[in-house]
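Worksheet for the structure shown next.
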Amino acid sequence: MEIREVILKAISEKKGYDIKDYDTTSLTPFMDHMIIASTNNTRQNYSICQNIKDRLRENGYKLDFKVEGDADSRWLLIDLKDIVVHLFVREERQVYQMDRLYADVPVETYDL
């Protein structure tokens, strides 16, 4: 399974929603995709982060996995080099409006 598929499925398995996969290859040489998802609370945020980590390992990906934030964070950033994942508690996503920043690049909405 492709790494993006593993990540998207891991988010969906733990009930993340409003999942967007932005193709950022035209914007920056530092990453290919930006995935943004919403959650209901910090506990779910952290659970999804752990699930991404577990699913990547199960699928044989040995990546340098960096996380900004902790179990109480309303916004978690997961840096997988070519892919960056943002997990927002719903209200926090509305505050930062990152979807507007990437409005000019191709985007896919993911629903399991």
Only one of 62, 15 that is at pLDDT 95 or above and either over 15 Å from residue 98 (Cβ atoms) or of a type in the set (S, T, N, Q) (or both): 15
Of all residues in the range 19-46 being at pLDDT below 95 and of a type in the set (A, V, I, L, M), the one that is surrounded by the fewest Cβ atoms within 10 Å (Cβ to Cβ): 27
Residues (part of a helix (DSSP H, G or I) and not hydroxyl-bearing (Ser, Thr, Tyr)) located in the range 14-54: 43, 44, 45, 48, 49, 50, 51, 52, 53, 54
Subset of the range 96-111 that is surrounded by 11 or more Cβ atoms within 10 Å (Cβ to Cβ) and hydrophobic (A, V, I, L, M, F, W, C) - its residue that is modelled with the lowest pLDDT: 101
Residue that is touching a residue at least 24 places away in the same chain (Cβ under 8 Å) and in contact with a Lys or Arg (Cβ under 9 Å, 6 or more places away or on another chain), where the choices are 67, 107: 107
Search result, residues across the range 55-109 that are closer than 12 Å to residue 7 by Cα, of a type in the set (A, V, I, L, M, F, W, C) and assigned to a loop (DSSP other than H, G, I, E, B): 80
Checking residue 7 against (1) surrounded by fewer than 18 Cβ atoms within 10 Å (Cβ to Cβ); (2) assigned to a helix (DSSP H, G or I), the condition it does not meet: (1)
Only listed residue being among the β-branched types (Val, Ile, Thr) and out of contact with any strand residue (DSSP E or B) (no Cβ under 7 Å at 6 or more places or on another chain), chosen from 95, 89, 85: 95
Members of the range 52-95 that are buried (at least 17 other Cβ atoms within 10 Å of the Cβ) and polar (S, T, N, Q): 73
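The values are calculated or read from the model by the stated rules, or taken from the named source; none is laboratory data. Just so it is clear, the model here is predicted, and its values are computed rather than measured. Virtual Cβ from ideal backbone geometry, glycine too; neighbours counted across all protein chains shown.
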